Amino acid sequence: MIDHRQVMVGDAQDAAGLFARAVCDAVGESVKSVILHGSLADGGFRPGRSDIDLLVVVDRSLTDAEAGGVERLVRDAGVGSASGIDLHVVTAAVAAAPGREPALELHVGRYGQGEVEVERAVGGYPDLLAELSMARDGGRALAGAAPLDVLAPVPAEWVVDRGRHWLEVWRSLTDDTEHAAFMVLTACRIWQFAVERVHGSKAQAARWALERRPALTAVHQALLQHEQGTATVIDEAGIAELLDLVLRETG
């Protein structure tokens, strides 16, 4: 019997491989590694709802022409069964010695409804800490060097501190129904990483949280929405309860 989900996962992985080769062609020998991480690497991929997450390490800053070329690749790329592409580019120097606010060469995100977000040459980009940490711990190279050969460890407390920043921000956004599942599942990932120093997938982290606190209604609801694609309403009070709990647990 054909496992249609595995076929769709393979389709997205093929698209990621093709895109990695296209980036190498566009930027040339300065590409040291193209690393696949996120749901396609950790087993949490959901066809039609998950992105292709890529980290590109280059040995020098991109020229404007190169950055523009990579942006066009993201806009035009086939993504198979994925919903989009989320691409970050960093220099090898940043990857080898990240600070609390590492510099970002380029971020291009193409998301489900065709929205494209571009950020170029950002001197301090603290959200890159989690990307670097996840790519090192669970990523795999589609081109060039292995993650452990180009990415230095990121201090776990830096990752947790940045996660707590977002928990505080989301505490005033519990009525944001569009992003409720994302907030809930990411809060679970922040909590698990703070306790176990493990980057779990969204679903795995949610189950981990429920093992500790089975009565977390918002986590049950977000997991159902994430896994089945249903329009499950996520209780606003439940979101606030979870955020407060994770802030206490990680403090």
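What follows is calculated from the coordinates using simple rules that are stated; it is not laboratory data. Note that the structure is a prediction, hence the values are computed from the model and not measured.
For segment 59-105, the alpha-carbon coordinates run over 35, 24, 15 Å along the three principal axes, in decreasing order. So what's segment 140-251 giving for Rg/Rh, alpha carbon basis, Kirkwood Rh from the mean inverse pair distance? Across segment 140-251, the Cα-based Rg/Rh ratio is 1.02. If one computes the Cα centroid of segment 110-151 and of segment 6-34, what distance in Å separates the two points? First find each Cα centre; the distance between them is then 14 Å.
For the options THR230, THR174, THR186, a Gaussian network treatment of the chain with springs between C-alpha atoms closer than 10 Å singles out THR230 as fluctuating the most.
Both radii come from the Cα set of segment 44-184: Rg as radius of gyration, Rh as Kirkwood radius; their ratio Rg/Rh reads 0.96. Summarising the strand pairing of segment 1-141, around 70 percent of its internal DSSP beta bridges are antiparallel.
Along its first, second and third principal axes, ordered by size, segment 10-65 spans 34, 17, 16 Å in Cα coordinates. Between segment 83-109 and segment 170-223, the C-alpha centres lie 25 angstrom from each other. Among ALA209, ALA26, ALA103, the residue with the largest mean-square fluctuation in a Gaussian network model of the chain, with springs joining Cα atoms closer than 10 Å, is ALA26.
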